[in-house]
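The values are calculated or read from the model by the stated rules, or taken from the named source; none is laboratory data. Note that the structure is a prediction, hence the values are computed from the model and not measured. Cβ atoms come from the backbone with ideal geometry, glycine included; neighbour counts cover every protein chain shown.
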Amino acid sequence: MRRYRIGAPELLIVLGAVLFVVVLAIAAVAEGDIRWLHFFQAFMYIACVALAINQNRWGYFVGISAAGFWDYGSLFVNAFFMNGVREIARWTSTGRIERPDQLIAVPAWIGNLLIVIGCVWAYWRHVQSRRHDVWRFLLAFALTSGFFAADMAIFQPRYLSMFPRALHPRWPR
C-alpha cells in the first residue's frame, strides 16, 4: 500500500485547486451557459491533485500547464484579472460590489498561482531524474491546452479566440 506524502508543496497544490474549482462552481451557478465548460475544466485540476499527491511528475506538469496558462491568459490575453482587481478596489472604496462575476477573478488567479508554485516546488523536491522532462512537460502542456481548447470548442466556442491571442497578446482582437 502506497503512503501519500502531503508536504507543503502538495498542500499549496490542493489549496489552490480547491480554491479554483470553487470559483469555477460559483461561476457555473451564476452563469449557466458556462456550466459544462467549467465542469470539464475542473477535471484538469482534479487530475493534477490526484497525480501530485502521488508525487507523479505528470501531475506537476499538468498543474503548471493548466494553472500557468489560465493565469497567463488572465493577465495578458484578456482583462479578467485586472477587472477583478478594479472591482475589489471599487468595493473597498464604495462598499458596494457591482460586478461579482469579475470579483471572483482574483481568488481564481491566486488559486492558480498557488498550484504553479506548489507544482514547481514539488517537482524540484521529489523528482530526482529530470532527463527528458522538458519533452514530457511540452507534451503535458500540449495535451492540457488541447483538452482545454476541445472543452471550449464543444461548450463555448466564443472563447476560442483566446488561443491565437495567447501566442501574441498584442495582436488586434
Sole residue being within 17 Å of L51 (Cα to Cα), of a type outside the set (D, E, K, R) and in contact with a helix residue (DSSP H, G or I) (Cβ under 9 Å, 6 or more places away or on another chain), chosen from F141, F76, F81, F69: F141
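Results for (1) surrounded by fewer than 17 Cβ atoms within 10 Å (Cβ to Cβ); (2) of a type in the set (D, E, K, R), shown as yes or no for each residue.
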position	(1), (2)
I115	no, no
S129	yes, no
V134	yes, no
L143	yes, no
D151	no, yes
M162	no, no
Given the conditions (1) touching a helix residue (DSSP H, G or I) at 6+ places or on another chain (Cβ under 6 Å); (2) surrounded by fewer than 15 Cβ atoms within 10 Å (Cβ to Cβ), every one holds for W109 apart from (2)
Considering residues of region 117-127 that are aliphatic (A, V, I, L, M) and part of a helix (DSSP H, G or I) only, the residue surrounded by the most Cβ atoms within 10 Å (Cβ to Cβ): A122
Name the residue that is surrounded by the fewest Cβ atoms within 10 Å (Cβ to Cβ), counting only residues in region 76-106 that are of a type in the set (A, V, I, L, M, F, W, C) and without any contact (Cβ under 8 Å) to a residue 24 or more places away in the chain. A89
For the subset of region 128-165 comprising residues that are polar (S, T, N, Q) and not in a helix (DSSP H, G or I), which member is nearest to the chain's Cα centre (by Cα)? Q156
Within region 113-133, can one find any residue that is more than 25 Å from E10 (Cβ to Cβ), of a type outside the set (D, E, K, R) and modelled with pLDDT of 95 or more? no
Considering only helices (runs of 4 or more DSSP H) fully contained in region 1-110, which possess at least 1 residues that are at pLDDT 95 or above and of a type in the set (A, V, I, L, M, F, W, C)? 8-30, 35-52, 57-72, 80-94
